[in-house]
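Written below as structure tokens is the structure these notes are about.
The values are calculated or read from the model by the stated rules, or taken from the named source; none is laboratory data. What you see is a predicted model; the values in this text were computed from it and never measured. Glycine gets a Cβ as well: all are built from the backbone with ideal geometry, and neighbour counts include every protein chain shown.
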Amino acid sequence: MLPVISALINVLKSDERLVIDDKLAKNKIVELALSLDPSLLKLLLSEEKLRSHFFQDVDGILIFDKVAFQRFVNNKSFLPDSFTQFKNKIGLSVDNHYLNESNDVVISWPYKDCVLEGGQTKEDQKRSEVFWNETLAPEQVDTLLAPKALQNFVKYNTDGEDRDFQLQDSDNLIIKGNNLLALHTLKAKFLGRIDLIYIDPPFNTENDSFRYNDKFNRSTWLTFMKNRLEIARELLSPNGTIYVHIDHNEGHYLKVLMDEVFGEENFRNEIIWRYSGWNKKLNTGFERRHDTIFMYGKSDTPYFESYFEKWASKEEYVKKRKQKLFVDEDGREYVLSDAGNGKRAKMYIEDVLAKGVVVDDVWDLDKLNNSAKESVGFTSQKREVLLERIIKASCPEGGIVLDYHLGSGTTAATAHKLNRQYIGIEQMNYVNEVVLKRLNGVIKGDLEGISKDVNWQGGGSFVYCELAELASKYSDRIEQSQRSEELITIWDELKESSNLSYKVDPKQFDNNISHFNELSFENQQRFLIEAIDKNQLYVNYSDIDDESNGISEQDKKFNKMFYGA
């Protein structure tokens, strides 16, 4: 009997559709096999060796194994012009099948399809994150993500605070509250309007200096990021760009996640921010001196303006760039710069000082390290010069910049000085003591950061407001409590409110209070947080007129301005 290869070649050559220039057309063979072409199947069934090799008998019915057939045809032994089954192809594969040939290949992790609030409370909080899809029905998740009511509006300008003003579309905004819910609130007004998003999210390191709850495991962190990146993409304009600042802990997973959310074809750059003055030795003994910034567009035509690094003097340029100076025949000084293809090009110092040098994707900028006067007290605070570079490159003057991990407010402060409209979101209470103070300093004409370089003279304004709290005020109090007696007081208030979960029977709880007292303090906190109605964290805009929510008439007026009602 003929071997399988010889038998298959003989059978296939009898079909004129499969022969081109006296050679078997491998691609055509595979195409017909995958489409279960009847004529091809009859040919294969006509030869006993092929029938037993490529078909399986299931209760007397022969089933064609097209996967095994495709592998066999693609094998290097089948046709003489196939030196390898991987000819002309580079990529990841499973069982010799390329991952990019399947639409089902994405990064997956536990709870990927859930919604994560992402608590960002006090520094030592070790809460177990709640995935709302575990506790809420789909329609309740929709309610959770519905636009929220805003309250406590204040406009800050050169005259101080103004609580009675006309809210304008062009106003800068600082919003205090959970950033996922705030992003969904912005959707009602800023869908497809944001030119640039920059975020410096928790790095998942357990020691984040912004006092975020940075104790995520990887699957929780990925869900946290995915929820927010998806709505961020919706907010971006068609030519918008997003920059995400990250380090080695989750950077590689983040890259794959962003490929999925924004499309790998919209990946623009992996920027290496090399800094000095803030080192951390890894297990290898090498010092870590860089972070990574991933840059993606919403489409294949993002706005981008080449950024030129300026130099005040020849000495400063030569020292920073570590380049040797040469002198031309005409007496002009120059340096040699990489021009590609192994060639060196002359760059005249007079041109460098006049025009600057186009920045590449390795940024050599010192980290602040809490030593410069620009510092506002955060060891991982980013410098304004870093944000200046990003904003000038990817947001036109008058455009809108969004930072939903606002932290110390560097993005907002820099955008303000560069005449860009900005929106900042921060949940932590330090938004009042740090961010508002810093931005008021900007309005008054501070000399920090990039002020001198851009000749900042002060001026402008911004509006501060908060997501109107409902049940979230109970969870915040529970997380900030120090003693069991405080928790009992909160419980007495919670059980009388409309914010208690319908799953909790207050009478049964009170009858078994002794069991509650036997729990550890952390478990007491966890129990009470679980007792809160998670669908009522903040007041939905649709419920703004419900008197029990306590929204003032003044704030109702501002909400109508914001939502355009």
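Structure notes:
- Condition check for residue 530: touching a Gly at 6+ places or on another chain (Cβ under 9 Å), assigned to a helix (DSSP H, G or I) and at pLDDT below 90: no
- Odd one out for residue 457 among (1) assigned to a loop (DSSP other than H, G, I, E, B); (2) outside the structural domain of residue 162 (by TED's automatic domain parsing); (3) polar (S, T, N, Q): (2)
- Among the candidates 8, 32, 43, 12, residue that is in a helix (DSSP H, G or I), aliphatic (A, V, I, L, M) and either in contact with a strand residue (DSSP E or B) (Cβ under 6 Å, 6 or more places away or on another chain) or on the phi > 0 side of the Ramachandran plot (or both): 12
- The one condition in (1) at pLDDT below 85; (2) within 28 Å of residue 225 (Cα to Cα) that residue 298 fails to fulfil: (1)
- A residue that is modelled with pLDDT under 85, outside any strand (DSSP E or B) and surrounded by 15 or more Cβ atoms within 10 Å (Cβ to Cβ) occurs nowhere in the stretch 255-268.
- Residue identified as within 34 Å of the chain's Cα centre (by Cα), part of a helix (DSSP H, G or I), within 30 Å of residue 412 (Cα to Cα) and at pLDDT 90 or above among 473, 556, 452: 556
- Residue 191 being buried (at least 20 other Cβ atoms within 10 Å of the Cβ), at pLDDT 95 or above and in the same structural domain as residue 303 (by TED's automatic domain parsing): no
- Evaluation of residue 503 against (1) touching a Phe, Trp or Tyr at 6+ places or on another chain (Cβ under 7 Å); (2) part of a loop (DSSP other than H, G, I, E, B) (one fails), failing number: (1)
- Just one of (1) within 30 Å of residue 417 (Cβ to Cβ); (2) not assigned by TED's automatic domain parsing to the domain that holds residue 151 fails for residue 445. It is (2).
- For the stretch 221-254, residues that are in a helix (DSSP H, G or I), crowded, with 19+ Cβ neighbours inside 10 Å and modelled with pLDDT under 95 total 9.
- Checking each residue in the stretch 306-342 for being exposed (fewer than 12 other Cβ atoms within 10 Å of the Cβ), closer than 18 Å to residue 359 by Cα and in contact with a helix residue (DSSP H, G or I) (Cβ under 9 Å, 6 or more places away or on another chain) picks out 306, 312, 313.
- Residues in the stretch 384-398 that are part of a loop (DSSP other than H, G, I, E, B) and buried (at least 22 other Cβ atoms within 10 Å of the Cβ): 395 alone.
- Tabulated pairs, the stretch 221-245, first touching a residue at least 12 places away in the same chain (Cβ under 8 Å), second among the polar types (S, T, N, Q), C-beta under 7 angstrom, 6+ apart or interchain: 221/204; 228/179; 238/299; 239/299; 239/301; 241/394
- Whichever residue in the stretch 413-433 is of a type in the set (A, V, I, L, M, F, W, C) and closer than 14 Å to residue 465 by Cβ and, among such residues, is surrounded by the most Cβ atoms within 10 Å (Cβ to Cβ): 423
- In the stretch 4-38, residue modelled with the lowest pLDDT [restricted to those that are acidic (Asp, Glu) and either more than 50 Å from the chain's Cα centre (by Cα) or outside the structural domain of residue 69 (by TED's automatic domain parsing) (or both)]: 21
Residue by residue, here is whether (1) in contact (Cβ under 8 Å) with a residue 40 or more places away in the chain; (2) loosely packed, with under 12 Cβ neighbours inside 10 Å holds:
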{"site": "519", "(1), (2)": "no, no"}
{"site": "523", "(1), (2)": "no, yes"}
{"site": "547", "(1), (2)": "no, yes"}
{"site": "560", "(1), (2)": "no, no"}
{"site": "563", "(1), (2)": "yes, no"}
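- No other residue among 444, 495 is basic (Lys, Arg) and modelled with pLDDT of 90 or more apart from 444.
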